[in-house]
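Presented below is the structure to which this report refers.
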Amino acid sequence: MTDKKFHNGIDYALNVLQAKWQPTLIFWLGFRPLTLDELGKLIPKLTTEQLRVELAKLQNLRIANPVKDTADCYSLTDEGGNFRQIMMSLSIWGKQQMNDDEDKISNLIVEPESNAKLSELVKYNKFLQEYIK
């Protein structure tokens, strides 16, 4: 959990969404279970130690599973998966509203296949940044 006091559930959720790396980690951890090395390649601006700290924060919030699976991968809890769905719906809605205000047509959002190669996922980061970064 957290020591910070919140006024309501929205305030609590916004705290998670406003953290610099947590939305990106939530997206990738909910995409498929990933090793620390894979997460490092998907989020190269974080050192391994910074990545571990961010993962620990998500584990303390009960968004990420507190233990790795047998393949040494990190993943989301069921509640974390629910939060990811809400986060993605909110980000898509927000991007569509921004585009409407700018008289643009929103692109169709398609996630990569869950068995996509890591190199394909790294390329997807550019698209992802338009929605959650």
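Summary of values
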{"item": "Qualifying positions in the range 23-56 - buried (at least 17 other Cβ atoms within 10 Å of the Cβ) and either farther than 24 Å from ASN115 by Cα or of a type in the set (A, V, I, L, M) (or both)", "result": "LEU25, ILE26, LEU29, LEU34, LEU39, LEU42, ILE43, LEU46, LEU51, GLU54, LEU55"}
{"item": "Matching residues in the range 29-42 - criterion: being without any contact (Cβ under 8 Å) to a residue 40 or more places away in the chain, within 14 Å of the chain's Cα centre (by Cα) and either under 15 Å from MET88 (Cα atoms) or not in a helix (DSSP H, G or I) (or both)", "result": "none"}
{"item": "Residue within the range 53-64 that is on the phi > 0 side of the Ramachandran plot and touching a Ser or Thr at 6+ places or on another chain (Cβ under 9 Å) present", "result": "yes"}
{"item": "Scan of the range 102-133 for residues that are over 15 Å from LEU39 (Cα atoms), hydroxyl-bearing (Ser, Thr, Tyr) and part of a helix (DSSP H, G or I), ordered by number", "result": "TYR131"}
{"item": "Of the criteria (1) out of contact with any helix residue (DSSP H, G or I) (no Cβ under 7 Å at 6 or more places or on another chain); (2) assigned to a helix (DSSP H, G or I); (3) among the aliphatic types (A, V, I, L, M), which one ALA71 fails", "result": "(2)"}
{"item": "When residues of the range 63-72 are limited to those that are modelled with pLDDT under 95 and of a type outside the set (A, V, I, L, M), the one farthest from SER114 (Cα to Cα)", "result": "PRO66"}
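Okay, residues lined up against (1) part of a loop (DSSP other than H, G, I, E, B); (2) within 14 Å of the chain's Cα centre (by Cα); (3) within 19 Å of THR77 (Cα to Cα):
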| residue | (1), (2), (3) |
| --- | --- |
| LYS5 | yes, no, no |
| ILE10 | no, no, no |
| ALA13 | no, yes, yes |
| LEU17 | no, yes, yes |
| PRO44 | yes, no, no |
| LEU51 | no, yes, yes |
| LEU55 | no, yes, yes |
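The values are calculated or read from the model by the stated rules, or taken from the named source; none is laboratory data. The shown structure was predicted, so the numbers you read here are calculated from the model rather than taken from an experiment. Cβ: placed from backbone, ideal geometry, glycine included. Neighbour counts: every protein chain shown.
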